[in-house]
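Readers should treat all values here as calculations from the given coordinates under stated rules, not as data from a laboratory. Because the structure is a prediction, the values reported are computed rather than measured. Please note: Cβ atoms are built from the backbone with ideal geometry, for glycine as well, and neighbour counts cover all protein chains shown.
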Amino acid sequence: MEKQIKKVDLIFGKVDYADILAKSLKRTRDEIILDVIDSGLRGRGGAGFPTGLKWKFAKNEEADQKYVICNADEGEPGTFKDREILTQVPEKVLAGMALCGYCIGASEGYIYLRGEYNFLLPSLYKQIDAFHKKLKELKFDFNIKICSGSGAYVCGEETALMESMEGRRGEPRNKPPFPTQQGYLGKPTSVNNVETLVFALMIGQEGPTKFKELGTFDSRGSKVFSVSGDTPTPGIYELELGMTLEQFVNEFGDGDTKAVQVGGASGFCVARKDFKSTLIGFEGIPTGGSMMLFNSSRSMFNILNDYLEFFEEESCGQCTPCRVGCQQLLKGIEAVKKGVKPPPYLEELQKLSDTMRIASKCGLGQSVPNPFNSIIKNFREEIIY
Amino acid sequence: MSKYKVNLKINNIAISVDEGTTILDAARQLNFKIPTLCHHDDLCVAGNCRVCVVEQKGARLLPASCATPVSEGMEIQTNSLKVRQARKHIVELLLSEHNADCTKCFKNGSCELQEMSNDYRIGDHVFLDLVSEKDKVRDISSPSIEKDDSKCIRCQRCVRTCDNLQAVSALAVTHKGNKMRISTFLDKPMNDVVCTNCGQCINRCPTAALTERNYIDEVFDAIYDPNKFVVVQTAPATRVAIGEEFGMEPGSRVTGKMVTALRRLGFDKVLDTDFTADLTIMEEGTELLTRLKEALVDGKDVALPMLTSCSPGWIKFQEHLYPEYLDNLSTCKSPQQMFGPLAKTYYAEKINKSPADMVVVSIMPCTAKKFEAERPEMRGSGYKDVDFVLTTRELGRMIHQAGIDFEKLEDERYDSILGESTGAAVIFGATGGVMEAALRTAYELVTGREVPFTNLNIKPVRGMEGVKEASVKIKDVKPEWSFLEGVELNVAIAHGLSNAKILMDKVKSGEANYHFIEVMACPSGCIGGGGQPIPTNMEIRKKRAAGIYDEDEAMVIRKSHDNPEVAEIYKSFLHEPLGHKSHDLLHTHYTPRKRH
Ligand SMILES: Cc1cc2nc3c(=O)[nH]c(=O)nc-3n(C[C@H](O)[C@H](O)[C@H](O)COP(=O)(O)O)c2cc1C
Ligand code: SF4
Ligand code: SF4
Ligand code: SF4
Ligand code: SF4
Ligand code: FES
């Protein structure tokens, strides 16, 4: 059953977070975690891992110390929803962290804040002070600190993020061990996106049912979208999951949309002919929130070129498929454009990007093929001629 | 800790291995060799080159076998079509950012990247060449090490070596993405940074990105110069390793063949650093006893513990990182640098040559000795005491170039004088060896009896543990050493600079109370030196160490003070340990350097 575009207001509405926490603290950790699992909430940072399971894994680890990290690195081009959430309802993010801390057994939390968002620091510190006071009243021991990001896109990747927090170069780690097993300072850690934490808090307030009723089987609930590009109405929208791209474009397009880049630079490019059949969500094309619309005035070569330039620079550079692969893809399409390499070279590059997808060390290199293959597939002519 | 067993299948063969084993090691147990580049048995896991990827049934991604522990029920394919394609791509990518001028390259024939390229038949690979001319500059600022970024595959073995094994961190990753490189602090030349020249990074670099500065042509020029009298000295650890350059087993004792080969190469005299190793024991042993006397009898504030000074990588480490302990270093020069000035004075006189016409060449397991030979402190003879330092590897190459069939050579003996040595000298090549040799001599000097260990083998100071400690109770001493009666001599030994750091920090904190400490910059001592044959790993180093101790046991004389040439040189030239002549030729002091 197709869903209609439906605006939702779970994220930005004000709540009595102290009350939610007070009630939650009276329940067992397992009860809350079960609710989160039952709600079907999946991580909103991009990878879409079921949040309740993540908490359960972290909870099940035995350790003298555990950590909650709120991932506010928001580096994906075209994404600016976490900034908005942290500006409008920071107390809900903090409460979500505390809830997570309660569930997994952590007494410390960190917000890894994108360097460009440092302007939020004064207000966040104020909020944190007030929040700590509230927690004291609730007799719940949970302490939140902020860690200012290093400015590299890859530091949003959870293990690179922890390396960076520990004062090293932001290079992703080998997995396993996963952060829930050995994360920050080697301790079990739950890394959650800003938006994920707020949804978890709302599930804490209302129970799983209301959230579960929204969305589709694989993509429950709603999601905050950052709409940008060729649209008369750019901005932040919380929408129920499950709509098709066609519905989305009807709502936000300028009447001339030829493609939508779903999920930012590391996401997929969908061409107009596929709008109708493409569902936005885990059963179709998932997104961390970024939706970029392109109209017919855009050169898809330039768009791909920009993305690849971004990845060529933002790869941490440690692993071969990604470091060299990105350079080859970028130089490769330029060579084809200039006629230095023949058009079939694009197929060699697609094979290469398949290798990058399965052999790269982290999600960055693994997802470069998303924009590459989808743009080459949909707009081959624009790349060659 | 009892280990759980994990059952899995590799290429359809079932195997049960300890929990925590990597897929790579499990495959090795089944005799499947998965190719690797960033992995090294001596180093922590990196998982960044990705050539070791394998296919795991049911998994979307290809796990890196070096970085992924086995799990129950896992089914792995190490050579599936998917794996082969990915691996081939990865090697092609590495080559596309590589200045692959193999025919002109120092690593030609001994390069892991080249081998892999050959294995996968990377012929006319399709990708674009990413190397620009401006990338092709080499850093040759250091007399020991050459760094060529255009040959670097960014595996970070060097970074991990310098950090994990050596605690120096002279090399680090800088920049990201396409600009990511291995660099020094502020990108300074290698010679201007904290690098100790130990060469451990060279031993582990899979390509020619890090190599020793080589002086083969200069040495051949000297050999063929009719006006030059060229003598060569060989360090203890070379004789159990050079065979590896010719495909022989690590630890093969080929002292006699090496001598023959050196003679055939045209060196005028083939002499032995082992002789000056024995001399070092006389000087350093006397120095230790003197310091102890000054401390115990005269109540002077002397620097103790005394630290050995045979390892030039260790000296530079000390200058940079523990300059406040420079007075604790023995003033003895290294055996190589004792040999040089004696060759150009004592020996020159004996053979009636002008030192100006002499060229002293050393064959060393070490790259730091190249730097050491250039030090301003090392001109005791009035000339540059040691002219050229070659690594074991360079000697191997010279022998190849000269077409000498090494393995088939008959054994010959070192020339005399400066060619006679003892078992005590040869064990300088392994960690703990200097300590053992010193104890053999000092104990006997003080008590008149041999050290109380079976067959002179002081087992507690041997072996591959990073930091070793031992105590020797001194009793029934000769009257002139009465102040040592009942003293418990506490000694410690470290090999690899990260272990040296552990030891020095103990000394610094006052936690430990040693009299004498031996430090070798390289893991396992000189047998694991930065100039030794590649590859290196614990197994290989253990074999070399076994070779060293066998060589010791096979020697007729096993205590430095029994070396007749040593007795002779004191009689006719030096007169006494720590005497005036020794002071001028064999001892020196070092000066602090900054960390950055
Ligand atoms: C290159 C890269 C960048 C990432 N950047 C972010 C980011 O900015 N914010 C974020 O929440 N997750 C980011 N992620 C995903 C995180 O690794 C992680 O999956 C996420 O923070 C988990 O939170 P969630 O489960 O709530 O989504 C990134 C992943 C990769 C591979
Ligand atoms: S995939 Fe890219 S960003 Fe991730 S580890 Fe490899 S080089 Fe670094
Ligand atoms: S480093 Fe290896 S692959 Fe590179 S040029 Fe030298 S021999 Fe060839
Ligand atoms: S020679 Fe030794 S100290 Fe210098 S960079 Fe290499 S490993 Fe580090
Ligand atoms: S210099 Fe050698 S060891 Fe270091 S990263 Fe480059 S190739 Fe690897
Ligand atoms: S050898 Fe395993 S990733 Fe390099």
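Some notes on this structure:
- Peptides B:487-499, B:248-260 ordered by average Cβ neighbours within 10 Å, highest first: B:487-499, B:248-260
- Positive-pole candidate from B:C152, B:M282, B:Q532, dipole of the protein assembly as shown, charges at beta carbon: B:C152
- Note on region B:226-596: with charges restricted to the Cβ of Lys and Arg (+1) and Asp and Glu (-1), its dipole about the Cα centre is near 780 debye.
- Which listed pairs, of A:K351/B:K104; B:K107/B:K559; B:K333/B:K459, have C-alpha distances above 31 Å, in listed order: A:K351/B:K104; B:K107/B:K559
- Only Lys, Arg, Asp and Glu carry charge here, each on its Cβ (+1 for the first two, -1 for the last two); on that basis the protein assembly as shown has a dipole of about 1980 debye about its Cα centre.
- Shielding by other protein chains, A:308-316, mean Cβ within 10 Å: 3
- Extension gain (nm, one decimal) between A:E213 and A:F12, 0.36 nm per residue minus Cα-Cα: 70.5 nm
- DSSP finds beta bridges in the protein assembly as shown, and of those with both partners inside it, around 50 percent are antiparallel.
- Projected onto its three principal axes, the C-alpha set of region B:5-79 covers 27, 25, 19 Å, listed from the longest axis down.
- 20 Å binning of all Cα-Cα separations within the protein assembly as shown, expressed as whole percents from 0 upward: 13, 36, 30, 17, 5, 0
- Convex hull per residue volume in Å³, alpha carbons only, for region A:300-384: 72
- FRET efficiency, A:E381 to B:D124 (Cβ-Cβ, R0 35 Å, nearest 0.05): 0.75
- Using R0 = 45 Å, the C-beta based FRET efficiency linking B:Q401 and B:N31 works out to 0.80.
- Taken as Cα centroids, region A:285-346 and region B:299-322 sit 56 Å apart, rounded to the nearest whole angstrom.
- Global form of region B:313-449, assessed from the alpha-carbon gyration tensor, a/c cut-off 1.5: rounded
- Within chain B, percent of DSSP bridges classed antiparallel, to nearest 5: 50
- Using a cutoff of 8 angstrom between alpha carbon atoms and counting only pairs six or more residues apart, the relative contact order for chain B works out to 16 percent.
- Neighbour-count order for B:H515, B:H596, fewest beta carbons within 10 angstrom listed first: B:H596, B:H515
- Spacing of the two label points (7 Å from each Cα toward its C-beta) at B:S509 and B:E249, in nm: 4.3
- Listed residue (B:I223, B:S582, B:F371) projecting farthest to the positive dipole end of chain B, Cβ model: B:F371
- Using the average count of surrounding beta-carbon atoms within 10 Å as a protection proxy, the listed peptides B:417-429, A:345-357 rank, highest first, as B:417-429, A:345-357.
- 0 to 90° range, to nearest 10: angle between helix B:255-265 axis and chain B longest Cα axis: 80
- Most to least packed among B:80-93, A:324-337, B:103-116 [average Cβ atoms within 10 Å]: A:324-337, B:80-93, B:103-116
- Here the spin labels are modelled as points 7 Å beyond Cα on the Cα-Cβ line, and at B:N537 and B:K594 they lie 4.2 nm apart.
- Zero-based 10 Å bins, Cα pair distances in chain A, whole percents: 5, 24, 32, 25, 11, 3, 0
- The distance between label points at B:L81 and B:E19 comes to 3.9 nm (points 7 Å beyond Cα on the Cα→Cβ vector).
- Inter-chain shielding of B:150-156 (mean C-beta neighbours from other protein chains, 10 Å cut-off): 2
- Binned Cα-Cα distances of region B:464-596, short to long, each 5 Å bin given as a whole percent: 2, 8, 10, 12, 15, 20, 19, 10, 4, 1, 0
- Averaged over the residues of peptide B:42-52, the number of Cβ atoms from other protein chains lying within 10 Å of each residue's Cβ is 4.
- Normalised contact order of region A:222-295, rounded percent, pairs of Cα under 8 Å and 6 or more residues apart: 39
- Considering only beta bridges that DSSP places wholly inside region A:222-295, some 75 percent are antiparallel.
- Tail fraction, Cα-Cα pairs, chain B, threshold 34 Å, whole percent: 44
- Relative contact order, percent, chain A [alpha-carbon distance under 8 Å, six or more residues apart]: 18
- Distance between the C-alpha centres of region A:1-60 and region B:523-596: 68 Å, rounded to the whole angstrom.
- Prolate/oblate/rounded label for region A:222-295 (Cα gyration tensor, a/c 1.5): rounded
- Charged side chains reduced to their Cβ positions (Lys and Arg at +1, Asp and Glu at -1) give region B:5-79 a dipole of some 260 debye around its Cα centre.
- Residue-averaged 222 nm ellipticity for chain B, from DSSP H runs of 4+ at -39500 (n - 2.57), nearest 500: -9000 deg cm²/dmol
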